[in-house]
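Heads up, the thing below is written out as structure tokens.
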Amino acid sequence: MTDTGPETARRTASGSSFYWGMRLLPREKREAMYAIYAFCRAVDDIADDVTTPDANRATQLGLWRDAIISLFRGEPSDRTDFLKPHIQNFALRQADFLSVIEGMEMDASGAMIAPDLQTLDYYCDCVASAVGRLSIKVFGMQETPGFRLAHHLGRALQLTNILRDLDEDAGLGRLYLPREFLGRAAIALDTPARAIAHPVVDSVCRSLAELAEHHYREAEVIFHSRPGGDLRPSRLMGALYSAMLARMKNRGWSAPRQSTRISKPVLIWLVLRHGFAA
């Protein structure tokens, strides 16, 4: 079983943009977020292990599903014991943990090859917005504005990830670009590698970037309404990923694509700007 728990999550997250957002939180909330991150990494590692047959990955994800259900029945196991205090302290919801697992099952089953827009949106809700719904409980936000923020910011971040990881995902046999956009560009739904090598794939990616930008704008509306809770981690993640998307737009998505990362000076500036915002 994948090693889980706050300490493992802390080591794993230390090189990610997630780490900077969590460092802004007081210890109790930070430990809760590391636990959520550890859970997400555990099930994501199962879904991404293409060396394991689909049926075996489905079984492993099913074990996680059963363990989460048992945990909420008051029967924690070695697999989920690290989550128990944070679920109690922050009233985390079973449905959101199960949604994350469902998203990983979509990946593990091979379903994510040029999904339609409705399926892509549902996938983003499972793997990103559900994590946002868990997070806003830790951040102390009320559910109504918090869940709206999770809806929009989760989708914005996940669509940005998709645009950043085109080649990596194709290597795993996945193509998250929606079939409606591919069809509009007359790109055949052949193999992921061939689709993203098509000369006009840039136009498809720009359409998806517009959808991501819509969700960033909607998230900004919620931020500007100044809901209660600690908004700093969400603001920082939104700023980091929005800056990454802007850089990708400037470079374009035509092959060969360059890796897009935020430089250290820009990262420090964003941390300072959003880390001390109210």
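Structure data summary
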quantity	calculated
3J(HN,Hα) from dihedral phi, region 226-241, Karplus parametrisation 6.51/-1.76/1.60, rounded to Hz, x for glycine, proline	6, x, x, x, 8, 8, 4, x, 5, 4, 5, 4, x, 5, 4, 6
Ellipsoid semi-axes in whole angstrom, largest first, where each is sqrt(5λ) of the Cα gyration tensor of the chain	29, 24, 16
Cα→Cβ-extended label distance, 7 Å offset, between Ala255 and Glu218, nm	3.3 nm
Mean Cα-pair separation over length for region 120-236, i.e. relative contact order, pairs under 8 Å, 6 or more apart, %	32 percent
Residues Ala246 and Arg194, FRET efficiency given R0 of 30 Å [Cβ-Cβ distance, rounded to 0.05]	0.60
Peptides ranked, highest mean first, by Cβ atoms within 10 Å: ranges 191-200, 236-245	236-245, 191-200
The chain, accessible surface, carbon-and-sulfur percent (1.4 angstrom probe)	51 percent
Gln88-Thr59 FRET efficiency (beta carbon distance; Förster radius 41 Å; 0.05 resolution)	0.90
Amide H partners (placed H, <5 Å) of Leu175, local residues excluded	Ile113, Ala114
Choice from Ala185, Ala42, Ala212 with maximal GNM fluctuation in the chain (Cα, 10 Å cutoff)	Ala185
Note, ³J(HN,Hα) from phi for region 70-85, Karplus 6.51, -1.76, 1.60, rounded to Hz, x at Gly and Pro	5, 4, 6, 8, x, 10, x, 10, 4, 5, 10, 4, 5, 8, 3, x
Gaussian network model of the chain, springs between alpha carbon atoms under 10 Å - residue of Pro233, Pro256, Pro178 with greatest fluctuation	Pro256
Difference of contour (0.36 nm per residue) and Cα-Cα distance, Asp167 to Ile69	31.7 nm
Nearest-0.05 FRET efficiency for Asp81 and Glu143, computed from C-beta distance (R0 25 Å)	0.40
Most to least packed among 213-219, 116-122 [average Cβ atoms within 10 Å]	213-219, 116-122
Per residue value of the accessible surface for the chain (all protein chains in place, 1.4 Å probe), Å²	46 Å²
Mean Cα-pair separation over length for the chain, i.e. relative contact order, pairs under 8 Å, 6 or more apart, %	18 percent
Hz values of 3J(HN,Hα) by residue in region 191-206 - Karplus curve (6.51, -1.76, 1.60), Gly and Pro given as x	10, x, 4, 6, 4, 7, 8, 5, x, 9, 5, 4, 5, 5, 5, 5
Sum of side-chain charges, Ile136 neighbourhood, beta-carbon under 14 Å (Lys, Arg +1; Asp, Glu -1)	+4
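The values are calculated or read from the model by the stated rules, or taken from the named source; none is laboratory data. All figures in this text were calculated on a predicted structure; none of them were measured in a lab. Counting neighbours? That spans all protein chains shown, and the Cβs are built from the backbone with ideal geometry, glycine included. When the accessible area is computed, the model is the full protein with side chains, heavy atoms only, and any ligands, DNA or RNA have been set aside. Shrake-Rupley method; radii C 1.70, N 1.55, O 1.52, S 1.80 Å.
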